[in-house]
Every structure is written in C-alpha cells, then in structure tokens.
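The structure under discussion appears below in the form of structure tokens.
The values are calculated or read from the model by the stated rules, or taken from the named source; none is laboratory data. None of these values were measured; they are calculated from a predicted model. In this analysis, Cβ positions are derived from the backbone assuming ideal geometry, glycine residues included, and neighbour counts consider all displayed protein chains.
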Amino acid sequence: MVEASIASSPIVLTETLQPVTNIWSMPGSVPRLQEPVLNLLAFPERLTELPDWLCAPLIRFLRLKQRNWPASTVKRSTRQIFSRLYHMLTFFIQHHNWNEWHQLNPRWLDNYIDTRLRDGRAPGTINWDLSNFLVFCRFLIEEGYKVPEVILKMKFLDTPRHLPRPLFGEQVRRLESCIQAAITEAKTDILRILAVRDLACFYLLWHCGLRISEVCSLALNDIDMESRKLFIRNSKERKDRVVYMSDTTALALKQHLAIRPDQDSVYLFPIKGRTMTTRNLQRRLVYYGMQCNVPVTAHRLRHTFASQMLAVGMPVTSLQRFLGHDHLDTTMLYAEVSDPMLRQDYYKGIAALDPTSNLPSHDLELSHQDTLRQLIEELKMPGLEVVRREDILGQMQRLLESVDQ
C-alpha cells in the first residue's frame, strides 16, 4: 500500500512551506534548527504525512541536496530520494513504533532488508534505499540529532557486478543508417525536420558521449562551431566541462540549425518554446531501434562511445574528464570492456593453440606507445589495488619483451 501510494504521489511546486501538523507529532524530539524553509522546489505532498519530529530535518536535508542539483533535475531527483527514504521511514514507524531518533536499531534495517527481499526486490534496489538512508543519518548526526552511530556501520548486500553494455560496431552503424534513411525517405517536411534533429542528437550521444539530459539541455550559446567545442553547463552535480565534437557531429548540427522550426529559441532542440525532454528523445531512439532491430538507449550510446575511445588508445584519465566522471573507478569499468592489451595478449596466445586462427589485425593497430601511455595513466590512479597494479606491471613487461623481439 505504501509503495502504491508513492508511485502516484503528485509533486507540487512551492516557494514557502508552512509548518506541518498531524496526528503523528511526538513530544520530546525537538529539532535543532527551526528556521523557515524557503524556495523549496519540487516538494512532495506525502512529506506532510510524516510526523513533525521527522519531517523537519527531512525537509532541511532535501533542501540542502537540491542546492547541488541542476534546476532541470531537481524535481525528479527530489522525488526519487524522498520515495526511497519514505519506504524506510514509514516501515520503521509501522513495524517498530518508532518515535524518537535514539531508538534506531540495526536490527530494524535487517528486518527491512529481509522484508524487501521477500517482496522480490533486487539487492541493488535495496542498496540504493540503504545508501540514501545512511546519507540521511550522517546528516542527522552532523545536525546534532541523537542517531546511534552504529547505524552507519550497516553493510550493503552483495550485488552482481555488471559491466557497461555498449552496442556492437555493426549495431551502431545500422542505427545510424536507419536514421539517415528516415531523412531521405521522409514524405513530409515535418518528418524530415524531426529526422534531421534526431540524427544530430544521435551523434551527440555516440560521437561526444553526452548524457541524454546534457543533449536535451544544450543551448545555442553552448556551441562553438569554429573550434568544434560544446560547453556542458550545470550538468551532474552542477559541474561544467568542455567536450569536442567530430566533423560529422558538427555537420549534423548545422543541418539541424538550418531547418529547425523555432529559429528564435535559445535552446538547441526546442519543442513548443521549451527544451526537448529526455523522455521525448528516448522514445525517438527506441522508435529507430525497433525499425532496425537494435536494442538502443541513450546511455548505451554513451557506453559505446567510451568503449570505442578506449579501444583506440584514449587514456582513461582523459576519458574520465571527457565523460564528466567524478571517480576514475567509474571510467575504469569501460577499460574492462575494451582492454587493447588484453585483446592483444589473447590473440597472440590463441595463435599457439590454434594455428588456423586469423588474427584481426585491424583490431590490433594500437601502437605500443599508446598502450604504454594508457597503462601508465592507470598506474597513477590513487588507491589502485595491489593486484591490479601487479597486473599492469606484468602487461608492461610483456609489451617491452615483444618490442625487443
């Protein structure tokens, strides 16, 4: 019942939040901060159903989180975090009569995990709940609430380690041809305009590795055609970065700009005076994917870009900056999908076992210098595991031996 009600919970935009009163209000738990909450965007109505002693710090927590999100994602991110916290908080109230902070008990978390597992929830989903709850608890402790610190030692569930799933080269080319065909075969001007726009978005995702939200929020003043630059502003965690675009991408953008309907719009991809939504773009990609039997998503195109760039020798640290990753570990997942040295080692080894094997020489064109540069960059990673460091040194040694031969 709780989950069903959350799924349908509306989001209300408000500037001022009035004090919350309801039958769950409990004495003896006075929040440390009683300041009025102003300019709180995307305030979930169900927040008012929580008791005052819990609602007040939760409001402040959400408000502080919102400051670090781009305006375009505040509504969605607030709803997501609140929904996960609401599941846990109401569970503790309903099953353990929770009414004071110091009552929190690790056994409650165990009970919550067991219940969610019985309900068929995936370990990764439960871990997201736990992660958000532990961040909230750290915030409470910093604010002076008497939350038992033992809660912070809660261990997460083991989850399968999934690698990125890039499209194969043949798949992405087929998708490209499908969108190009939609332009040449368009029966009306509107269909042609849409297809030209879609092709520009496709190249921004594939050739530039942008997130779908970054593509949709691009403005005209974010494009430097002369230098082939894109300025990604206020992206994830409100960070800016510069990325470069291929000649093909630049040409597709020029074609789109020449025929887009709203020539006066400040947005690159305007729809009815506003920027295109991520849902709209994702639906268009799925439409083309169904036409050519390619299971495409916007993020799979970003995975494809990252894997292909590593495969041709782009240093992993450069790719990290290009993709806008905070942590190099995130980018290293792509290195496991596209490891040129591992590929070379395999084909050299299999040649001894299977002399009839034809080495894919076109896949082994990465120079020794590029490979060494990539391995050296990885060695610079702070906190690199000893096992991985030894593996890298072994690869470098084998590479040097192959040069001597």
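Remarks
- Among the criteria (1) more than 19 Å from residue 183 (Cα to Cα); (2) part of a helix (DSSP H, G or I), the one residue 242 does not fulfil is (2).
- Taking segment 60-97 as the range and being within 18 Å of residue 48 (Cβ to Cβ) and over 30 Å from the mean Cα position of the chain (by Cα) as the test, the residues that pass are 93, 94.
- Any pair with Cβ under 6 angstrom, 6 or more apart, that starts in segment 117-144 at a residue that is in the same structural domain as residue 86 (by TED's automatic domain parsing) and within 17 Å of residue 54 (Cβ to Cβ) and ends at one that is surrounded by 14 or more Cβ atoms within 10 Å (Cβ to Cβ) and β-branched (Val, Ile, Thr): 132/81; 137/147; 137/151; 140/147; 141/147
So that you can scan it fast, the table gives a plain yes or no per residue for (1) modelled with pLDDT of 80 or more; (2) closer than 20 Å to residue 134 by Cβ; (3) not assigned by TED's automatic domain parsing to the domain that holds residue 279:
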| position | (1), (2), (3) |
| --- | --- |
| 8 | no, no, yes |
| 11 | no, no, yes |
| 21 | no, no, yes |
| 24 | no, no, yes |
| 52 | yes, no, yes |
| 61 | yes, yes, yes |
| 74 | yes, no, yes |
| 91 | yes, yes, yes |
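- One residue stands out among those in segment 289-301 that are in contact with a helix residue (DSSP H, G or I) (Cβ under 6 Å, 6 or more places away or on another chain) and part of a helix (DSSP H, G or I): the one that is surrounded by the fewest Cβ atoms within 10 Å (Cβ to Cβ), which is 291.
Conditions tested, residue by residue: (1) among the charged types (D, E, K, R); (2) over 25 Å from residue 176 (Cα atoms); (3) modelled with pLDDT of 70 or more.
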| residue | (1), (2), (3) |
| --- | --- |
| 292 | no, no, yes |
| 303 | no, no, yes |
| 310 | no, no, yes |
| 316 | no, yes, yes |
| 337 | no, no, no |
| 340 | no, yes, no |
| 345 | yes, yes, no |
| 348 | yes, yes, no |
| 358 | no, yes, no |
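- Meets criteria (surrounded by fewer than 18 Cβ atoms within 10 Å (Cβ to Cβ) and under 26 Å from residue 279 (Cα atoms)) for residue 84: no
- Scan of segment 196-227 for residues that are outside any helix (DSSP H, G or I) and in contact (Cβ under 8 Å) with a residue 60 or more places away in the chain, ordered by number: 207, 208, 209, 210, 211, 217
This table checks each residue for (1) of a type in the set (Lys, Arg); (2) buried (at least 20 other Cβ atoms within 10 Å of the Cβ).
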{"site": "216", "(1), (2)": "no, yes"}
{"site": "229", "(1), (2)": "yes, no"}
{"site": "232", "(1), (2)": "no, yes"}
{"site": "239", "(1), (2)": "yes, no"}
{"site": "245", "(1), (2)": "no, yes"}
{"site": "248", "(1), (2)": "no, no"}
{"site": "258", "(1), (2)": "no, no"}
{"site": "262", "(1), (2)": "no, no"}
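- In the set (1) hydroxyl-bearing (Ser, Thr, Tyr); (2) in contact (Cβ under 8 Å) with a residue 12 or more places away in the chain; (3) loosely packed, with under 14 Cβ neighbours inside 10 Å, residue 112 fails one condition alone, (3).
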